[in-house]
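The values are calculated or read from the model by the stated rules, or taken from the named source; none is laboratory data. What you see is a predicted model; the values in this text were computed from it and never measured. We place every Cβ from the backbone using ideal geometry, glycine too, and count neighbours over all the protein chains shown.
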Amino acid sequence: MAINHPSFGTLDDDRIIFFDTTLRDGEQSPGFSMNLEEKLRMAEELAELGVDVIEAGFAIASPGDFESVQSIARKFAKDGPVIASLGRANPADILRSAEALKPAARKRIHIVLATSELHMRVKLRLTPEEVLDLTTSSVTLGRQHSDDVEWSAEDGSRSDPDFLCRCVEAAIKAGATTINIPDTVGYSMPEDMARIFRDLRNRVPGIEKVVLSAHNHNDLGMAVANTLAAIQAGVRQIESTINGIGERAGNASLEEVAMALRTRRDALPFRNNIQTPRILRTSKLLATITGFDVQPNKAVVGRNAFAHESGIHQDGVLKDASTYEIMTPESVGWTTNSLVLGKHSGRAAFRDKLKALGYGEIGDNALNDAFRRFKDIADRKKVVYDEDVAALVDDEVVRGNDRVKLVGLTVATGLGVRPMATLALEVDGERRDGMATGDGAVDATFIAIRQAFPHDVALKLFAVQSVTGGTDAQARVTVRLEENGKLVDGQGSDTDTIVAAARAYVHALNKLLAKRERTMPPEFQAALTA
């Protein structure tokens with residue numbers, strides 16, 4: 001049965017809406033915070049990917065969150081995906097969301113309210129009847145400021161079924177256009193989620209007029225399975241994140257759900273707008289911004305997802321790839337032809353390659369910086385691969401607005417010599433120099449950074465991997481820093497491992513500075529787990 005939705009018009013029953021919460025739920029992961037420019041870049045990529053709804057943030061949480069939601073709303077002032085802002089079921093939150101969303105061509109106020117006995121008693125300290133009244137009043141207010149209002153039952157999967165039905169009925173009567181039932185703590189199994197949605201469809205008056213939505217967390221590793229079970233039970237909006245990032249063990253992974261729908265049309269005969277060849281590019285962009293790579297065996301986007309080591313498997317794939325590959329590498333953005341550029345390649349070829357890799361239009365200054373670095377790498381490497389280009393451009397373009405920049409580094413080291421590092425940073429446009437010795441070249445470099453820009457942090461992780469193969473490969477370094485319990489990861493790449501390490505440390509330092517500027521008050525944390 002078709003639904004008439006204010007944001008999407010007539011929705012046929014075979015259409016799946018992708019609601020992405022990478023910029024809200026995903027950003028809550030420890031160390032995953034993004035600055036405004038990074039959020040805008042990610043929002044652009046999500047729109048290109050074909051996401052239907054982008055949850056841009058929690059507008060009332062801080063001035064920084066409000067600015068992020070408003071800026072993303074402004075970016076899509078003429079067209080594009082629906083932009084959503086999360087808020088609790090109180091007037092201040094709802095009005096703040098409405099104000100931030102004003103510039104968007106299509107907007108959604110997303111209201112979350114706990115409905116489980118445990119959450120109502122311990123967190124809200126409200127009676128069930130008070131929660132029912134709050135459901136009605138909050139959705140009513142939301143509809144006064146937006147035609148599109150989503151209502152979410154936090155901890156809905158552990159709520160009393162009868163009470164959950166009463167709350168959903170109240171939300172629909174008040175004007176909600178989407179009803180979301182989250183498995184907030186990742187407790188449910190697929191049959192649980194299917195039963196919940198079948199129960200709602202059978203018992204709640206007016207349920208046929210709204211879009212049902214599922215938001216599943218991955219604490220038991222079943223978020224994607226729960227999401228697919230919910231779709232089979234009548235859900236037509238799925239809430240997910242790129243790379244499955246999010247609170248604790250994360251959320252349902254957008255790329256896994258999208259490829260399940262594409263690959264298993266026999267069991268899941270549904271349409272959606274996700275442009276799957278852009279999946280890998282989106283995944284890698286997020287990894288660069290956050291500093292967190294996906295594990296090698298991650299489904300769809302892990303580097304081993306289409307690798308075959310077993311002799312039996314290799315033989316089968318050589319004869320017919322479908323013997324062991326249920327989807328093609330190209331269908332998610334992997335390329336089999338990655339030898340592309342060399343030291344004689346010009347600026348036009350470089351720009352065309354960036355477009356082919358999914359970067360779209362890049363400003364002249366950023367392009368010039370990236371091209372200069374490409375030439376430098378091309379002089380040092382025999383072959384420049386797509387992965388090399390993506391790594392260096394992410395360093396230059398994605399982080400172009402960092403407050404702290406590495407502008408020079410010299411390291412002297414050797415057998416029997418105490419390593420020394422001399423470097424130059426640019427901090428808010430001002431040059432600062434540092435020089436230090438250390439137990440190794442990396443240690444000396446990091447001490448020199450702290451000397452040029454004094455700060456007190458703990459180094460929790462230092463990891464090195466190669467972007468491509470060969471002794472001339474670029475190294476990608478990950479650095480994890482901790483400050484007052486806040487964790488951030490930074491990444492950097494270069495054919496020189498010490499330079500890559502310095503880039504990674506500076507990237508992490510910039511993320512710490514951004515985190516300092518937009519620390520969220522504790523009272524907002526509990527509302528963000530739906």
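So Asn273 passes all but one of these: (1) at pLDDT below 95; (2) surrounded by fewer than 21 Cβ atoms within 10 Å (Cβ to Cβ). Which condition number does it fail?
Condition not satisfied by Asn273: (1).
Looking at Ala170, is it touching a Leu at 6+ places or on another chain (Cβ under 6 Å) and touching a residue at least 40 places away in the same chain (Cβ under 8 Å)?
no
Give the range 71-104 a look and list any residue that's closer than 13 Å to Ser138 by Cβ and among the β-branched types (Val, Ile, Thr), or say none.
Once the filter is applied, which keeps residues that are closer than 13 Å to Ser138 by Cβ and among the β-branched types (Val, Ile, Thr), the range 71-104 yields only Ile94.
Report the residue count in the range 473-496 for those that are in a strand (DSSP E or B), under 21 Å from Lys284 (Cβ atoms), touching a Lys or Arg at 6+ places or on another chain (Cβ under 7 Å) and not small (Gly, Ala, Ser).
Selection size over the range 473-496: 5.
Every residue in the range 226-255 that is within 24 Å of Phe32 (Cβ to Cβ) and either part of a helix (DSSP H, G or I) or of a type in the set (A, V, I, L, M) (or both), please.
If the condition is that a residue be within 24 Å of Phe32 (Cβ to Cβ) and either part of a helix (DSSP H, G or I) or of a type in the set (A, V, I, L, M) (or both), then Asn226, Thr227, Ile238, Ile242, Asn243, Gly244, Ile245, Ala249, Ala252, Leu254, Glu255 are the ones that fit.
Only one of these is crowded, with 24+ Cβ neighbours inside 10 Å and either modelled with pLDDT under 95 or more than 30 Å from Ala508 (Cα to Cα) (or both): Thr263, Thr290, Thr241. Name it.
On inspection, the qualifying residue turns out to be Thr290.
On the basis of being hydrophobic (A, V, I, L, M, F, W, C), modelled with pLDDT under 95 and within 27 Å of the chain's Cα centre (by Cα), does Ala258 make the cut?
When the stated conditions are applied, Ala258 does not pass them.
Kindly list, by first and then second residue, each pair from a residue in the range 490-508 that is free of Cβ contacts under 8 Å to residues at least 60 places away in the same chain to a residue that is in a helix (DSSP H, G or I) and hydroxyl-bearing (Ser, Thr, Tyr), limited to pairs with Cβ atoms under 7 Å and residues at least 6 apart or on different chains.
Qualifying pairs under 7 Å: Ala501/Thr445.
Leu126 is checked against (1) in contact (Cβ under 8 Å) with a residue 24 or more places away in the chain; (2) farther than 18 Å from Asp25 by Cα; (3) of a type in the set (A, V, I, L, M) and fails just one. What number does that condition carry?
Result: Leu126 passes all but (1).
If I filter the range 446-472 down to residues being without any contact (Cβ under 8 Å) to a residue 24 or more places away in the chain and not in a strand (DSSP E or B), which single residue comes out as nearest to the chain's Cα centre (by Cα)?
The residue in question is Gly469.
Across the range 157-200, what is the total count of residues that are part of a helix (DSSP H, G or I) and of a type in the set (Phe, Trp, Tyr)?
Number satisfying all stated conditions: 2.
Kindly indicate the residue of the range 186-214 that is in contact (Cβ under 8 Å) with a residue 40 or more places away in the chain and either more than 23 Å from Gly9 (Cβ to Cβ) or outside the structural domain of Thr140 (by TED's automatic domain parsing) (or both) and also surrounded by the fewest Cβ atoms within 10 Å (Cβ to Cβ) among those meeting that condition.
This residue is Gly186.
Do any strands (runs of 3 or more DSSP E) lying entirely in the range 401-442 carry at least 3 residues that are free of Cβ contacts under 8 Å to residues at least 24 places away in the same chain and not charged (D, E, K, R), and which ones are they?
The strands (runs of 3 or more DSSP E) meeting that bar are 404-414, 430-437.
Which numbered condition trips up Arg516, out of (1) farther than 14 Å from Gly291 by Cβ; (2) modelled with pLDDT under 90; (3) outside any helix (DSSP H, G or I)?
Condition not satisfied by Arg516: (3).
Conditions first: (1) modelled with pLDDT under 95; (2) within 28 Å of Leu200 (Cα to Cα). Lys284 passes all but one, so which condition is the exception?
For Lys284, the failing item is (2).
Any residue in the range 42-54 that's at pLDDT 95 or above: show its pairings with residues that are among the aromatic types (Phe, Trp, Tyr) at Cβ separation under 6 Å, as long as the two are six or more apart or on different chains.
Taking only residues 6 or more apart or on different chains, the pairs are Val51/Phe18; Asp52/Phe18; Val53/Phe19.
Within the range 19-41, is even one residue over 15 Å from Val82 (Cα atoms), modelled with pLDDT of 95 or more and crowded, with 16+ Cβ neighbours inside 10 Å?
no
Residues to consider are Ser146, Ser97, Ser138; find the one that is assigned by TED's automatic domain parsing to the domain that holds Thr184, over 20 Å from Arg74 (Cα atoms) and not hydrophobic (A, V, I, L, M, F, W, C).
When all the criteria are applied, what remains is Ser138.
Going through Ala153, Ala61 one at a time, which residue ends up being over 22 Å from the mean Cα position of the chain (by Cα) and in contact (Cβ under 8 Å) with a residue 24 or more places away in the chain?
Ala153
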